[in-house]
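S.K.: Below: one structure in structure tokens.
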Ligand code: NAD
């Protein structure tokens, strides 16, 4: 088990004790440097934001391993063609807790529309004036466009609907049951009408860089942008341009395109990429360290589901979470 972080250890140990499987833990992420640690094992599991190099798949196959399982939803770190070529099977954890990400997105959205970053900074520096921030907004008075109404997007849409917001959804896949709490529409219409735009799509050829200059031109003045999916979906330069011009009222980002340079590390703020420093300096931008998933329930589920699936795949069994190609 690669890229193990401290919070996972109790769940891993509990699983090993309960099932009798031997699980050896490695804190570093899976790469060409440490793939050979898997020699002699039946299955590998990892969780990382760093792409897995192609040679790792062929090396795993040479070591007699038949699968690769990741403990996360987004599988853009995998090269499916290379996995296919190496003859491996692959799995993700499609749903360890969609609510974890949806609830955190909602938290940051509410912080954004009440300008909490400005109020926290102001009160900490002795300014107790209401005017430290502009008037807030109320969620039931807003229209929210959910781009990608899958597991996470629809969980968020349902909560927003309960709070009284108008929810629009853009998704090529239609789920009739979602009609109870959202209205499907096309992207242009959603951008024209939404006060809040929130991304919950995978990172793929269609979504990579989709929030670009043209996209922001179609957005309503004073809209808020949220990204709790994958950094690559938003072009940071285009986002910054629209924050600087005042077209956007604010943004909340849990993911960034260049996050692998600094995520999971203690960083000197002055050494961060210039675009990240500019985002940090803006009092209408909320940043968080790819943490939307990080709840006790989600961590437990991602460990258990990935281990169960890794074992099943190594034994040639059918599993729901198999990534089919
Ligand atoms: P999901 O597969 O259930 O839903 C994704 C939805 O996006 C699908 O309904 C799909 O049809 C839709 N979609 C695909 N391409 C689209 C496009 N071009 N325009 C509009 N919709 C499109 O996945 P999910 O569980 O809801 O997760 C969504 C994403 O969230 C993951 O792929 C992952 O990258 C990200 N994620 C982030 C965190 C975090 O901690 N920040 C945690 C888990 C997942």
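S.K.: Pop the C-beta distance of residue 218 and residue 120 into the FRET formula with R0 = 35 Å and round what comes out to the nearest 0.05.
M.R.: Numbers: r = 32 Å, r/R0 = 0.92.
Taking R0 as 35 Å, the efficiency between residue 218 and residue 120 is 0.60.
S.K.: Stretch residue 297-residue 241 to full length: gain in nm at 0.36 nm per residue minus the Cα-Cα span?
M.R.: On the way: separation 56, 0.36 × 56 = 20.16 nm, distance 3.80 nm.
Extra length available between residue 297 and residue 241 comes to 16.4 nm.
S.K.: Of all DSSP beta bridges in the chain, what percent run antiparallel (nearest 5)?
M.R.: Beta bridges within the chain, antiparallel portion: roughly 5 percent.
S.K.: Please sort 98-111, 180-193, 37-50 by packing, taking for each peptide the average over its residues of neighbouring beta carbons within 10 angstrom, highest first. Write out the running numbers ahead of the final one.
M.R.: On the way: 98-111: 20.8, 180-193: 15.6, 37-50: 18.7.
Descending packing order for the listed peptides: 98-111, 37-50, 180-193.
S.K.: Then there is this: For the pair residue 205/residue 103, report the inter-label distance in nm, with labels modelled 7 Å from Cα in the Cβ direction.
M.R.: Going by the 7 Å Cα→Cβ label model, 3.8 nm.
S.K.: Let me ask another. Please compute the contact order of segment 98-287 in relative form: average sequence separation of alpha-carbon pairs under 8 Å and at least six residues apart, divided by the residue count, as a percent.
M.R.: 19
S.K.: Here's a follow-up. Which FRET efficiency value, to the nearest 0.05, is calculated for residue 135 and residue 274 with the Förster distance at 35 angstrom and r the Cβ-Cβ distance?
M.R.: Using R0 = 35 Å, I get an efficiency of 0.65.
S.K.: So if each residue of separation counts as 0.36 nm, and I subtract the Cα-Cα distance between residue 188 and residue 58, what length gain in nm does that give?
M.R.: Values: separation 130, 0.36 × 130 = 46.80 nm, distance 4.31 nm.
Once the chain is fully extended between residue 188 and residue 58, it gains 42.5 nm.
S.K.: Give me the number: length gained by fully extending residue 111 to residue 9, i.e. 0.36 nm times residue separation minus the C-alpha to C-alpha distance, one decimal in nm. Walk me through the numbers before you get to the answer.
M.R.: Numbers: separation 102, 0.36 × 102 = 36.72 nm, distance 3.23 nm.
Gain on extension, residue 111 to residue 9, equals 33.5 nm.
S.K.: Write down the Kirkwood hydrodynamic radius of segment 23-173, to one decimal in angstroms, obtained as one divided by the mean of 1/r over all alpha carbon pairs. The partial results should precede the final answer.
M.R.: On the way: mean 1/r = 0.0527 Å⁻¹.
So the Kirkwood estimate lands at 19.0 Å.
Computed from the coordinates by the stated procedures, all read-outs in this text should not be read as laboratory data. A quick note: this is a predicted structure, and the numbers were derived from the prediction, not measured. All Cβ positions, even for glycine, are placed from backbone atoms using ideal geometry, and neighbour counts span all protein chains on display.
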